[in-house]
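The values are calculated or read from the model by the stated rules, or taken from the named source; none is laboratory data. Source: prediction; values computed, not measured. Because the Cβ atoms are built from the backbone with ideal geometry, glycine has one as well, and the counts that use them run over all protein chains shown.
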Amino acid sequence: MSTILEVKKLGKRFGGLAAISELDLSVLDSEILGLIGPNGAGKTTFFDVISGFLPPSSGRVIFDGRDVTGSKAHQIAQLGIGRIFQASTLFMKISVLDNVLTGHHMSYKTRIWKRLLRTPSAFQEEELLRQRAMEILEFMGLASLKDELAANLPHGHQRILGVCMALATNPKLLLLDEPVTGMNVSEIQTMIELIRQIRDRGVTIVLVEHDMKAVMNLCDRIAVLNYGRKIAEGLPDEIRGNKEVVEAYLGKGK
């Protein structure tokens, strides 16, 4: 299996604090990789660096065979890395469908003045992107709610809508930061099944999550960070039985 993302000796410092130190990590094409660790371990910082929101202090980031170290967020997104955040980034006062359409903003080829004047070519492109947005909503089970305001959705559906928006950028790699946070048992199971279906469509996934049951059931491999360093990497059963991981994150005796 080929490698879609590789970080080499990656580091990120904030003043005297090393949030990530000498991190080597590879993500295989079409896998679901779990990234776990205690609060402050550097997981979200890792996502920030990979997705271009923060520049690395050291090391390299290789995505799909290209060195993207230090690239800006919009450049990274155009290359095919999508992301959802811990906190909701929805546009609460517009419809579910319009939220997904905002995720298509990089796909527009028609010049802005033509879109403002509603020329035939602009209208045709907008209808095509609207159709694609509806296909995403249908795939993710939200098509019946397309006209509902995002603010009126229950929490679980809001989290799914966030994934829909990320899928609208047509990612090859999807970074999911705590996708099941705040969900009930039924909502968690729905999200797990959706994530599997996304992977089955050829999208590679890196997942940060504190729900260990979800991580162990969903991920093909797991990497563990502690104080910005990778302390373990392997199959779920290997991580579950790793003494250093148990003591650092899962808790002694668990």
Considering the range 54-75 alone, what residues qualify as being at pLDDT 95 or above and among the hydrophobic types (A, V, I, L, M, F, W, C)? LEU54, VAL61, ILE62, PHE63, VAL68
So how many residues does the range 4-35 have that are surrounded by 20 or more Cβ atoms within 10 Å (Cβ to Cβ) and either basic (Lys, Arg) or modelled with pLDDT under 95 (or both)? 1
If we ask which residues in the range 146-161 are part of a helix (DSSP H, G or I) and of a type in the set (A, V, I, L, M, F, W, C), their number turns out to be 4
Candidates SER71, SER51, filtered to the one that is hydroxyl-bearing (Ser, Thr, Tyr), in contact with a strand residue (DSSP E or B) (Cβ under 9 Å, 6 or more places away or on another chain) and under 17 Å from GLU178 (Cα atoms): SER51
Return the pair list, or none, for Cβ contacts closer than 6 Å from residues in the range 5-28 that are on the phi > 0 side of the Ramachandran plot and touching a residue at least 60 places away in the same chain (Cβ under 8 Å) to residues that are assigned to a strand (DSSP E or B) and surrounded by fewer than 19 Cβ atoms within 10 Å (Cβ to Cβ), at least 6 apart or on different chains. GLU22/LYS9
Within the bounds of the range 200-222, is there any residue that is among the small types (Gly, Ala, Ser), surrounded by 23 or more Cβ atoms within 10 Å (Cβ to Cβ) and at pLDDT below 95? no
Lone qualifier among ILE195, ILE136 - being touching a Leu at 6+ places or on another chain (Cβ under 7 Å) and in contact (Cβ under 8 Å) with a residue 60 or more places away in the chain: ILE195
From the list THR204, THR169, which one is closer than 18 Å to VAL100 by Cα and in contact with a strand residue (DSSP E or B) (Cβ under 6 Å, 6 or more places away or on another chain)? THR169
For LEU225, all conditions in the list (1) outside any strand (DSSP E or B); (2) within 19 Å of THR44 (Cβ to Cβ); (3) in contact with a Lys or Arg (Cβ under 9 Å, 6 or more places away or on another chain) hold save one; what is the number of the exception? (1)
Filtering the range 204-248 down to residues that are under 21 Å from the mean Cα position of the chain (by Cα) and among the hydroxyl-bearing types (Ser, Thr, Tyr) yields THR204
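Yes/no per residue for (1) within 21 Å of MET1 (Cα to Cα); (2) not hydroxyl-bearing (Ser, Thr, Tyr):
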position	(1), (2)
THR190	no, no
LEU194	no, yes
ARG199	yes, yes
GLU209	no, yes
VAL215	no, yes
LEU218	yes, yes
VAL224	no, yes
